Amino acid sequence: MQPAQATTWLDSGNTRNAGMDIYVGNLPYSTTDDDLRGLFAAHGEVASARVVIDRMTGRSKGFGFVEMADRAQAQQAIDALNGYEVEGRKLRVNESQPRPPREDRGGGFRGRDRGGSRW
């Protein structure tokens, strides 16, 4: 007897209501992950919410990403929150686009001597 294979809804080719990643720009710098989650939770199930933090300063960069479990709810949130004002700042909210591939910017020590003997 073979073990039963679980088939998820997505495995069956259904993607119509699959989740969506959302970009949220022009956030107040005081916004936390929990604040962002709360803002979107009124419009549906939030799978994750993350404010992007500058590694050097430890402060918010003023934008973040929200992952919503249902595409229709995500679109409703985008429609409701794009242009919505928070602490005097109008949010820019839209479907997140994949990052373009990074070009090689050079740098580092590729192909060069890394030092060694100084004499």
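Here is the figure for region 75-87: residues that are without any contact (Cβ under 8 Å) to a residue 12 or more places away in the chain and either more than 19 Å from the chain's Cα centre (by Cα) or farther than 12 Å from Leu27 by Cα (or both) total 2. Close contacts from region 45-66, counting a first residue that is of a type in the set (Asp, Glu) and a second that is exposed (fewer than 15 other Cβ atoms within 10 Å of the Cβ) and at pLDDT 95 or above, with Cβ to Cβ under 7 Å and a gap of 6+ residues or different chains, come to Asp54/Lys61. Cβ-Cβ distances below 6 Å connect no pair with a first residue in region 91-104 that is over 18 Å from Val24 (Cα atoms) and at pLDDT below 95, a second residue that is among the aliphatic types (A, V, I, L, M) and part of a loop (DSSP other than H, G, I, E, B), and a separation of six or more residues or different chains.
Yes or no, residue by residue, for (1) assigned to a helix (DSSP H, G or I); (2) farther than 19 Å from Glu87 by Cβ; (3) at pLDDT below 95:
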position	(1), (2), (3)
Thr8	no, yes, yes
Gly13	no, yes, yes
Arg16	no, yes, yes
Leu27	no, no, no
Arg55	no, yes, no
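The values are calculated or read from the model by the stated rules, or taken from the named source; none is laboratory data. Keep in mind that what you see is a predicted model, and the values were worked out from it rather than measured. All Cβ positions, glycine included, derive from the backbone under ideal geometry; neighbour counts span all protein chains shown.
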